[in-house]
Structure formats: C-alpha cells, structure tokens
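Undergrad: Quick one: the structure is below, questions incoming.
The values are calculated or read from the model by the stated rules, or taken from the named source; none is laboratory data. Everything numeric in this text was worked out from a predicted model, so none of it was measured. A quick note on method: Cβ atoms are made from the backbone with ideal geometry, for glycine too, and the neighbour counts reach across all protein chains shown. Surface accessibility is based on the protein's heavy atoms, side chains included, excluding ligands, DNA and RNA. Shrake-Rupley method; radii C 1.70, N 1.55, O 1.52, S 1.80 Å.
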There are 4 protein chains.
Amino acid sequence: MKDKRQQILETALKLFVENGFHATPTSMIAKEAGVATGTLFHHFKTKEELINTLYLETKEILIQALTKQVNEQDTLKSKFRQVFYNAINWAISHPDHQFFYSQYSYSPFISTLTRELGLQRFHVIQELLKEGQENDILKAIPIGLMIDTAQGTLDGITNYLMEHPEKIDDREFTEQAFSMFWDVLKG
Amino acid sequence: MKDKRQQILETALKLFVENGFHATPTSMIAKEAGVATGTLFHHFKTKEELINTLYLETKEILIQALTKQVNEQDTLKSKFRQVFYNAINWAISHPDHQFFYSQYSYSPFISTLTRELGLQRFHVIQELLKEGQENDILKAIPIGLMIDTAQGTLDGITNYLMEHPEKIDDREFTEQAFSMFWDVLKG
Amino acid sequence: MKDKRQQILETALKLFVENGFHATPTSMIAKEAGVATGTLFHHFKTKEELINTLYLETKEILIQALTKQVNEQDTLKSKFRQVFYNAINWAISHPDHQFFYSQYSYSPFISTLTRELGLQRFHVIQELLKEGQENDILKAIPIGLMIDTAQGTLDGITNYLMEHPEKIDDREFTEQAFSMFWDVLKG
Amino acid sequence: MKDKRQQILETALKLFVENGFHATPTSMIAKEAGVATGTLFHHFKTKEELINTLYLETKEILIQALTKQVNEQDTLKSKFRQVFYNAINWAISHPDHQFFYSQYSYSPFISTLTRELGLQRFHVIQELLKEGQENDILKAIPIGLMIDTAQGTLDGITNYLMEHPEKIDDREFTEQAFSMFWDVLKG
DNA sequence: GATGAATGAGAATTCATTCAT
DNA sequence: GATGAATGAATTCTCATTCAT
C-alpha cells in the first residue's frame with residue numbers, strides 16, 4: 001500500500017482539478033484517499049498547506065521533463081523544438097497536473113512565496129529566449145513580452161491538444177503546431 | 001444613487017475577481033454594495049444566477065468593443081490589427097472584466113449554457129481566421145488549432161500589458177506585439 | 001417569547017457554571033436556548049465574545065445591588081454592614097451569577113479589558129476602606145492588602161452560605177458572620 | 001536527565017496553570033516535556049488520571065509544609081502564626097502549585113474522591129480551630145463558617161502576596177497580615 | 001518503556017438562503 | 001422592492017487515545 005501522505009496528495013490533485021479548491025472538502029479528499037480526516041491534517045497543517053505542497057512537489061517533476069534531451073550542441077531552433085515537444089508530451093501524459101497548473105498557478109490559494117518558487121518552471125525557456133535574442137535569431141522585443149507571449153502561445157496549443165489528444169502522434173500536425181510557436185518568436 | 005441591482009453586479013464582479021467565487025460570501029457582496037442580504041436574493045435567485053448574469057451582461061459589452069471600426073473594405077491584416085487593438089485596449093480599460101473572463105470562462109461556476117453563449121466572444125475572430133485561410137493568407141492548419149493558438153497568443157500579450165499598462169500608448173511597442181500575433185497566423 | 005439574544009445569554013450563563021467554558025459546546029447552548037447554532041453566531045461573533053458579553057452585562061446588576069441602601073449619614077460600620085448584607089443576599093438569590101463570577105473573574109476566557117471593567121465591582125468597598133483608614137477606624141495597613149483580604153474573607157463567608165442557604169434568614173448567624181468581616185478590618 | 005514521568009507531571013502542572021485544563025492538549029504537554037504522545041498515555045491512562053495524579057502527588061508536599069515546626073507546647077496563637085507563615089511561604093516559593101490548587105481544587109476535572117483526599121490539606125488548621133473554640137479563645141460560631149472564613153481570609157492575603165512577593169521578607173508587613181488573620185478568628 | 005502515525009468523533013464557525021415585517 | 005434576523009447543513013480543524021514497531 002502506498003504511503004498515506006502520497007495518497008492524499010494524489011487524491012487532492014485529482015479532486016482539485018475536477019471540482020476546484022473550495023468545492024473540494026477535506027473530508028472528501030480523506031475519504032477518497034482512504035484515510036481518516038485526522039490523517040490529512042496530521043500531514044498538512046491546513047488545507048492551504050496541502051495545495052501549496054502539491055504545487056511545489058509536482059513542479060519538480062515538470063521542470064525535469066521540460067529540459068530532457070536538450071543538448072548543448074543543438075541549434076537554437078532544435079532546442080526550442082525539443083522543449084516544445086517535451087511540454088506538449090508532458091501535458092498530454094499528465095493531464096491532471098497540466099490542469100492543476102493552469103488553474104492554480106495564478107489563483108489566490110497558492111501563496112506568493114510558493115508561486116515565486118514555481119515560476120522557475122519556465123526558467124529554461126527564458127534562458128533560451130535570451131540566448132536567441134543575443135544571437136539575433138529571435139525578435140528584438142522586451143524579454144517580458146516575449147516570455148508572456150511564448151507561454152500564451154504554448155498554452156493555446158496545449159489547450160487544443162488536451163481536447164484532441166490523438167493528434168499528439170501526428171507528426172505533421174505537431175510540426176505545424178511547432179511552426180506557429182516558432183514563428184511567434186523568430187525575428 | 002445607482003440602481004441596487006446594478007450596484008450588486010458591479011460589486012460582485014470586483015469581489016469575485018479579488019477573492020474568487022467561493023471565497024466571496026453573498027453577505028460580503030451585499031454589505032459592500034450597501035444593500036441587505038435579502039435584496040441580493042430578491043434580484044438573483046441564487047449565487048450561481050448572479051455570476052451567470054454577470055457573465056452574460058458584461059459579455060455583450062466586450063463583443064461590441066472587439067468589432068468596433070472593423071471595416072469590410074480593409075485588408076485582412078488591417079482587420080486583424082483593428083481587432084487586436086480593440087482587444088488590448090478593452091483589457092487595459094476594463095481590467096476587472098478582463099480578469100473576470102480569464103478566471104471564469106472555463107470555471108465550473110459558469111453553466112455550460114452560459115459559456116456557450118459567451119464563446120461568441122471570438123466568433124468575429126473565427127470568421128476572420130476562416131476567411132484568411134480560404135484566401136491562402138493564413139496558415140493551412142486545422143481551424144481549431146488556429147483559434148486556440150491565436151487566443152493563447154493574444155492572452156499572453158494581454159497578460160504582459162496588464163502588468164505594464166503604460167506600454168499601451170507606446171505605438172512602437174504595440175506594433176511589435178501585433179507582429180507577434182500576426183506571425184503566428186500568417187502562412 | 002423572550003428575545004433570542006437574551007435567551008442565549010441566560011442559557012450560556014447556566015451551562016458555563018454547570019460544565020465550565022470549554023466543556024460547554026456552542027451547539028449545546030443553542031439547543032438548550034431553543035435557537036439554531038447560526039443564531040448564536042449571528043449575535044455573538046465568537047464563543048469568547050459571548051462569555052465576555054455575559055460578564056459585562058451581568059456585572060451591571062451586581063454593582064447596583066451592592067450599593068443599595070447605603071446612606072451617606074450612616075456610620076462607617078453601618079455602611080459596611082449594609083454592603084455586607086447586600087453582598088450575601090445577592091449571592092444567595094443569584095447563585096448562578098455568583099458562581100459565574102467566582103469561576104471566571106480570573107480565568108483566561110475573560111479578556112483583560114473585560115476583567116478591568118469588571119473590577120469596578122468592588123470599587124464601592126474600596127472607597128469605604130479608604131475612608132475608614134483616613135478616620136483611624138480601620139487597620140493602618142497597605143490598602144491593597146486590606147482590599148484583597150476583605151474580599152477573601154467575604155468570599156469565604158459567601159462560600160459557606162452558598163452551601164447552607166437556610167442560614168441567610170438567621171439574623172444571629174449573619175451578625176456573627178458580619179463580626180468576622182468587621183474584625184478583619186477594624187483597627 | 002529527569003524521569004520522563006516526572007517531566008510530564010511538571011510540564012502539565014505548568015501548562016494547566018497557564019492555559020487551563022481543556023485548553024492544554026496532551027500533545028502540547030508531551031511536546032514541551034520532550035516525550036512522545038504515546039509515552040504520556042503509557043504513564044497515565046487518561047488525561048483525567050494525569051491531573052488527578054498531579055493533584056494528589058503535589059498535595060503531599062503541601063501538607064508536610066503546613067505543619068512544619070508547629071510544636072505541641074506552643075500557645076494556640078503561636079501555632080496559628082507558624083501555620084500562617086508556613087502557608088504564605090509555601091505559596092510564594094511554589095507559585096505554580098499555589099495557582100494549581102486555587103484553580104483546580106473545586107473544578108470538575110478533579111474527581112470527588114481526589115478532592116476529598118485533598119481536603120485533608122486544612123485538616124491541621126481545622127484541628128487547631130476546634131481546639132481554640134473549646135478553650136474559649138476563638139469565636140463561638142459554627143465550625144464550618146469558621147473554616148471557610150479562615151480559608152477565605154488566608155487566600156485573600158496570599159493573593160496579595162503573590163502579586164507583591166517582595167513583601168514576604170518584610171516582617172512588619174507579614175505580622176500585620178497575620179493580625180488580620182488572627183482577628184477574624186479570635187473571640 | 002518509548003515512539004509517533006493514524007484515528008474519527010466532536011468542536012467552532014461559515015454561509016447560502018428564507019421569510020415575516 | 002427592501003430589510004436583516006434566523007436557519008441548519010456543511011466545513012475546517014482539534015485532540016484524546018490507540019497500536020504496530
């Protein structure tokens with residue numbers, strides 16, 4: 001049997017995504033996780049601590065995923081392509097985590113501190129963007145705008161894929177998608 | 001003195017944006033709106049009816065705003081530019097409405113029916129996109145992907161502007177932003 | 001039917017005396033008072049506010065009782081006798097209030113502010129004590145010691161009377177009791 | 001390192017005095033005593049057993065202290081003086097115990113059985129009072145009234161000393177205090 | 001003896017909603 | 001239309017106690 005703490009975290013993730021934070025009673029989390037309510041509060045002092053822990057613990061996994069197989073000797077475009085594929089593959093294979101991030105990253109339930117730690121999520125991409133601007137490959141615009149727009153575009157593509165997950169294996173389709181992402185950025 | 005019903009709607013919008021739906025008690029809305037709790041429920045049978053009404057009543061304003069000054073005889077790019085400027089100007093001048101839409105458009109508090117009505121928000125843009133594809137001006141990709149990506153890119157740009165509202169008057173900046181939006185779409 | 005707020009206060013007084021503060025759930029107070037739990041919290045924001053209100057509202061009654069029929073032209077001893085009889089009569093006829101004061105005056109449930117207001121309880125007696133010292137009738141000792149000791153002696157006598165309430169009508173007995181009280185004080 | 005059982009008792013005494021019985025969780029006692037929660041329940045089957053044990057174990061010490069140096073051949077007044085000094089000295093040097101007794105002697109947490117055992121506390125004094133009445137030295141009043149009043153007066157004096165502990169070494173002051181105590185009793 | 005994770009009944013408090021005025 | 005006291009189910013959190021290690 002899995003660790004009870006872990007079981008609570010996984011159940012909470014699922015239920016928060018399905019119902020929302022406030023619409024998910026701690027009693028429901030405990031019940032579905034197969035533990036007593038007291039156990040939940042034994043591991044997480046408050047409901048808020050639970051969601052913040054959830055945010056931070058799952059963030060790690062995502063960061064790892066995004067940078068996988070990005071090789072230093074690749075061209076910039078290749079690096080972006082790899083990150084792009086990492087991102088959409090991760091989203092498709094971890095839909096709950098993906099929904100969790102899009103719903104809660106900017107919600108008031110996640111404390112400012114936690115959110116700031118979580119922002120490192122796109123640190124890798126930010127570095128790539130800066131590198132591209134310095135080498136005159138990407139658009140010469142304020143880096144902040146570039147970051148926000150890149151993220152928005154990626155989110156849009158991901159949204160579509162979440163609703164049409166079969167497309168993830170259609171290489172022609174994903175390459176078209178990547179070309180949209182790339183065109184936003186390239187100078 | 002303003003109509004009490006209207007006062008309730010405006011207060012609710014503000015508080016829902018600030019605190020979230022579930023974290024905003026109806027008693028707080030009533031108090032801040034300067035009416036009795038009974039009055040709120042006199043005008044809106046339930047709290048859900050209140051937020052759905054809010055969604056629909058404010059949607060109208062947005063739709064009007066997006067299509068303003070889009071002339072039939074303009075080039076497609078000009079039309080897109082106009083819609084783009086309409087969208088970012090509206091967001092900057094109605095930040096609460098903008099936050100309200102980004103928070104609640106896909107939340108479970110908005111009933112499916114209401115949401116579908118609201119989707120007409122981007123109906124204009126969808127028509128433009130189709131027109132552009134038919135004329136080989138835009139990328140030849142599934143229309144759904146194009147819609148989602150366009151919306152994502154626009155949201156990203158808007159996010160940035162919401163945090164740097166002074167840029168809205170910097171024409172060079174907004175043109176750079178538009179070029180990102182346009183590059184996503186154009187073939 | 002009595003005012004619900006008043007009904008809650010009276011029920012709470014009785015139950016706090018019987019069971020103690022922490023051993024009296026608000027649900028029990030509400031039930032016994034014949035109101036919904038929500039009603040209790042409608043009138044008193046917290047359980048602590050309830051007990052503090054109780055303390056202050058009942059204090060008034062006591063203060064009035066202690067100074068009844070104390071005439072300016074009486075001798076000092078007569079004044080003390082009158083206050084003494086007022087005190088023991090009040091205790092016997094309001095046993096719940098009396099128990100409430102002896103249990104909660106120095107408990108942590110009563111906030112410091114509330115307690116200080118309540119200390120005015122013995123203000124009358126304090127004035128009489130000072131007067132007696134100035135006229136060389138009472139012991140020439142620190143006033144603080146005199147106050148505390150007088151209160152202790154009176155409490156002791158009251159304790160005995162609470163357990164033998166029939167004695168209250170035995171004038172010979174009460175005069176003996178008063179002589180103990182007086183002997184503590186007189187020089 | 002001290003015995004864990006003893007450590008628990010001492011910590012509990014301190015915390016019960018500071019916060020009250022119900023406001024002191026067993027978990028807090030265990031934590032502050034540096035033991036596991038299980039350990040507390042290994043030594044005391046229930047929380048009630050803990051406080052009752054506390055009451056009885058510390059009572060012994062007090063009883064010993066009160067009768068110290070009371071010699072058979074002394075005059076009655078000398079005996080009372082000795083007991084009086086023993087009482088106030090003990091209170092000053094064991095403030096937590098003193099508070100514990102004044103708070104819990106008559107509380108419902110101490111079982112009737114325990115309380116009765118504890119009443120022996122004033123057994124010595126009761127014997128002296130009876131002796132004094134038989135010899136026509138003390139007031140000829142019901143013994144119960146005498147006991148309660150004597151205890152009340154002593155408590156009053158002790159209360160004052162607890163807040164002005166420096167006075168304990170002022171012999172003139174303590175003799176004045178004793179004279180109040182004595183005047184209550186003597187015929 | 002000692003540990004501390006696990007338990008679940010029970011506590012204070014909240015809040016959408018009703019209804020008599 | 002407007003009011004706000006009253007409602008009670010639902011929620012978060014507490015805490016004495018158990019038990020496997």
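Undergrad: Mind listing the phi-derived Karplus ³J(HN,Hα) values for segment B:152-160, rounded to whole Hz, using 6.51, -1.76 and 1.60 with θ = phi - 60°, and x for any glycine or proline?
TA: Values per residue, Gly and Pro as x: x, 4, 4, 4, x, 4, 4, 3, 4 Hz.
Undergrad: What FRET efficiency comes out for the pair C:D96/B:D96, r = Cβ-Cβ distance, R0 = 56 Å, nearest 0.05? Display every interim value, and only then the final one.
TA: Numbers: r = 54 Å, r/R0 = 0.97.
Efficiency at R0 = 56 Å is approximately 0.55.
Undergrad: From the backbone phi of segment B:135-148, what are the Karplus-calculated ³J(HN,Hα) couplings (6.51 cos²θ - 1.76 cosθ + 1.60, θ = phi - 60°) in whole Hz, Gly and Pro given as x?
TA: 8, 6, 8, 9, 4, 8, 10, x, 4, x, 4, 4, 4, 4
Undergrad: Continuing with the same structure: For segment A:18-83, restrict the atom set to alpha-carbon positions and state the Rg and Dmax in Å.
TA: 18.5, 53
Undergrad: Let me ask another. How much of the accessible area of chain B, in percent, comes from carbon and sulfur atoms when a 1.4 Å probe is used? Walk me through the numbers before you get to the answer.
TA: Details: 4640 of 9120 Å².
Solvent-exposed carbon and sulfur of chain B make up 51 percent of the total.
Undergrad: Another question, if that's okay. Defining the label point at 7 Å along Cα→Cβ, can you sort the distances from A:R5 to the same site in each other copy, shortest first, in nm?
TA: Copy-to-copy label distances for A:R5: 3.4, 4.9, 5.5 nm.
Undergrad: So which trypsin sites (Lys or Arg not before Pro) in segment A:65-162 end up in coil per DSSP with only 14 or fewer other C-beta atoms within 10 Å? Let's see the in-between values first.
TA: Numbers: sites: A:K68, A:K77, A:K79, A:R81, A:R115, A:R121, A:K130, A:K139; in loops: A:K68, A:K139.
Loop-located and lightly packed - A:K68.
Undergrad: Quick one: Debye curve from the C-alpha atoms of the protein assembly as shown, no solvent, what's log10 I(q)/I(0) at q = 0.06, 0.07, 0.10, 0.11 Å⁻¹?
TA: -0.62, -0.73, -1.02, -1.16
Undergrad: Given charges of +1 on the Cβ of Lys and Arg and -1 on the Cβ of Asp and Glu, with all other atoms neutral, how large is the dipole of segment D:97-177 about its Cα centre, in debye to the nearest 20?
TA: Details: 6 positive and 13 negative charges, 72 e Å.
Roughly 340 debye, rounded to the nearest 20.
Undergrad: Shifting gears a bit: Angle between the Cα long axis of helix A:171-185 and the longest principal axis of chain A, 0 to 90 degrees, nearest 10?
TA: 80 degrees
Undergrad: So, how do all the Cα-to-Cα distances of segment B:47-185 break down into 5 Å bins, in percent, from 0 on up?
TA: Per 5 Å bin, starting at zero, the Cα-Cα P(r) for segment B:47-185 comes out as 2, 9, 19, 22, 21, 15, 9, 3, 1, 0 percent.
Undergrad: With a Förster radius of 25 Å, plug the Cβ-Cβ distance of B:T37 and A:F41 into 1/(1 + (r/R0)^6) and report the FRET value to the nearest 0.05. Don't skip to the answer; put the middle values down first.
TA: Working: r = 32 Å, r/R0 = 1.29.
Computed FRET efficiency for B:T37 and A:F41 comes out at 0.20.
Undergrad: By the scheme Lys and Arg +1, Asp and Glu -1, what is the net charge of all other residues having a beta-carbon under 14 Å from that of B:Q7?
TA: Details: positive: B:K2, B:K4, B:R5, B:K14, B:K31; negative: B:D3, B:E10, B:E32, B:E57.
Its environment carries a net charge of +1.
Undergrad: Helix B:76-93 against the longest principal axis of chain B: what's the angle in degrees, Cα atoms only, rounded to the nearest 10?
TA: Relative to chain B, helix B:76-93 is tipped by roughly 30 degrees.
Undergrad: Turning to a different aspect of this structure: Mind listing which chymotrypsin sites (Phe, Trp or Tyr not before Pro) in segment B:104-187 are in a DSSP loop and have 10 or fewer other Cβ atoms within 10 Å? The partial results should precede the final answer.
TA: Numbers: sites: B:Y104, B:Y106, B:F109, B:F122, B:Y160, B:F173, B:F178, B:F181, B:W182; in loops: B:Y106, B:F109.
Sparse-neighbourhood loop chymotrypsin sites (Phe, Trp or Tyr not before Pro): none present.
Undergrad: Using 10 Å bins from zero, what percent of all Cα-Cα pairs in segment D:68-143 falls into each bin?
TA: 16, 39, 33, 12, 0
Undergrad: Please report the orientation-averaged projected area of segment C:1-44, defined via the convex hull of its C-alpha atoms, in nm².
TA: Numbers: hull surface 10.8 nm².
For segment C:1-44, the mean projected area of the Cα convex hull comes to 2.7 nm².
Undergrad: OK, next. Could you work out the local net charge near B:P108, counting Lys and Arg as +1, Asp and Glu as -1, over the other residues with Cβ closer than 14 Å to its Cβ? Provide the component values of the computation, followed by the final result.
TA: Numbers: positive: B:K47, B:R115; negative: A:E18, B:E48.
My count for the surroundings of B:P108 gives 0.
Undergrad: Any idea what the D:P165 label distances to the other copies are, label 7 Å down the Cα→Cβ vector, nm, shortest first?
TA: Between copies, matching label points for D:P165 lie 4.1, 6.0, 6.9 nm apart.
Undergrad: Work out the length of the dipole vector of the protein assembly as shown about its Cα centre, built from +1 on the beta-carbon of each Lys and Arg and -1 on the beta-carbon of each Asp and Glu, and round it to the nearest 20 debye. Intermediate values should be presented prior to the final figure.
TA: Values: 76 positive and 100 negative charges, 145 e Å.
Roughly 700 debye for the protein assembly as shown.
Undergrad: Only helical DSSP H runs with n ≥ 4 go in: add -39500 (n - 2.57) per run for the protein assembly as shown, normalise by residue count and round the 222 nm mean residue ellipticity to 500 deg cm²/dmol.
TA: Values: 40 runs with 540 residues, N = 748.
Calculated mean residue ellipticity at 222 nm is -23000 deg cm²/dmol.
Undergrad: Rounded to the nearest Å, what's the spacing between the alpha carbon centres of segment D:131-180 and segment A:18-82? Just the number, please.
TA: Cα centroid of segment D:131-180 versus Cα centroid of segment A:18-82: 68 Å apart.
Undergrad: Then there's this: Express the accessible area of chain B per residue in Å², computed with a 1.4 Å probe while the remaining protein chains stay in the model. Working shown, then result.
TA: Numbers: 9120 Å² over 187 residues.
Using a 1.4 Å probe on heavy atoms only, each residue of chain B averages 49 Å².
Undergrad: What are the ³J(HN,Hα) couplings of segment A:54-64, residue after residue, when phi is run through the Karplus curve with 6.51, -1.76, 1.60 and θ = phi - 60°? Round to Hz, x for glycine and proline.
TA: Per-residue couplings from phi come out as 4, 4, 6, 5, 7, 4, 3, 4, 4, 4, 4 Hz.
Undergrad: Let me ask you something else. Accessible area drop of at least 30 Å² (1.4 Å probe, protein heavy atoms): which residues of segment D:22-47 qualify, relative to the chain alone?
TA: D:H22
Undergrad: What total accessible surface area, summed over both chains, is buried at the interface between chains D and C, computed with a 1.4 Å probe and given in Å² to the nearest 100? Present the calculation step by step, with values, prior to reporting the outcome.
TA: Numbers: alone 10200 and 10220 Å², together 18240 Å².
Adding both sides of the contact gives about 2200 Å².
Undergrad: For C:L138, enumerate residues with amide H under 5 Å from its amide H, sequence gap 5+ or separate chain, H modeled in the peptide plane.
TA: Correct list: C:Q133, C:G187.
Undergrad: Which chain A residue sits with its beta carbon nearest the axis carrying A onto B, and how many Å away is it, rounded to a whole number?
TA: Reported as residue, whole Å: A:H22, 2.
Undergrad: Considering every residue in A:136-149, what mean count of other chain Cβ atoms within 10 Å of its Cβ is obtained? Write out the running numbers ahead of the final one.
TA: Details: counts 0, 0, 0, 4, 1, 6, 6, 0, 5, 11, 4, 3, 12, 13.
Neighbouring Cβ atoms belonging to other protein chains average 5 per residue here.
Undergrad: Using +1 at the C-beta of Lys and Arg and -1 at the C-beta of Asp and Glu, which of C:Q133, A:L9, C:F109 has the Cα lying farthest in the positive direction of the dipole of the protein assembly as shown?
TA: A:L9
Undergrad: Segment D:1-42: which trypsin sites (Lys or Arg not before Pro) are DSSP loop and have at most 13 other beta-carbon atoms within 10 angstrom?
TA: Here the trypsin sites (Lys or Arg not before Pro) that fit, given the DSSP loop and packing criteria, are D:K2.
Undergrad: How far is D:I137 from the same spot in each other copy, in nm, shortest first, if each label point sits 7 Å from Cα toward Cβ?
TA: Shortest to longest, the spacings are 3.1, 10.6, 11.8 nm.
Undergrad: What is the magnitude of the charge dipole of segment B:1-142 about its Cα centre, with +1 placed on the Cβ of each Lys and Arg, -1 on the Cβ of each Asp and Glu, and no other charges, expressed in debye to the nearest 20?
TA: Working: 16 positive and 16 negative charges, 52 e Å.
Rounded to the nearest 20 debye, it is 260 debye.
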